[in-house]
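Chemist: Input: one structure, supplied below.
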Amino acid sequence: MVKVGDKVPQATLRVMSPEGPKPLSTEELFAPGKKVVAFALPGAFTPT
């Protein structure tokens, strides 16, 4: 379970920009001073 103050593992995500998909690191996304809401949904064809 993730708790307030836990660090997010280093990973590279992709975000859509006007030029197309752009890589974005979790360090950049969750930088100190930023407010972020993260949520997840189960995959459509996964056994959840």
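The values are calculated or read from the model by the stated rules, or taken from the named source; none is laboratory data. Fair warning: this is a prediction, and the values are worked out from it, not measured in the lab. Every residue, glycine among them, receives a Cβ derived from its backbone with ideal geometry; neighbour counts consider all protein chains shown.
Chemist: List the number of the failed condition for T46; all other conditions in (1) within 10 Å of the chain's Cα centre (by Cα); (2) among the β-branched types (V, I, T); (3) part of a loop (DSSP other than H, G, I, E, B) hold.
Modeler: (1)
Chemist: Now for a separate question. Determine, yes or no, whether V8 is surrounded by 10 or more Cβ atoms within 10 Å (Cβ to Cβ), assigned to a loop (DSSP other than H, G, I, E, B) and modelled with pLDDT under 85.
Modeler: Answer is yes for this residue.
Chemist: Can you confirm whether P32 is modelled with pLDDT of 85 or more and either of a type in the set (K, R) or outside any loop (DSSP other than H, G, I, E, B) (or both)?
Modeler: No; evaluated as a whole, the condition is false for this residue.
Chemist: Considering each residue of region 16-45, count those that are of a type in the set (D, E, K, R) and either on the phi > 0 side of the Ramachandran plot or surrounded by 10 or more Cβ atoms within 10 Å (Cβ to Cβ) (or both), and give that number.
Modeler: Final tally of qualifying residues: 3.
Chemist: Please enumerate the residues belonging to region 2-15 that are more than 13 Å from the chain's Cα centre (by Cα) and on the phi < 0 side of the Ramachandran plot.
Modeler: Answer for region 2-15, where residues must be more than 13 Å from the chain's Cα centre (by Cα) and on the phi < 0 side of the Ramachandran plot: V2, K3, V4, D6.
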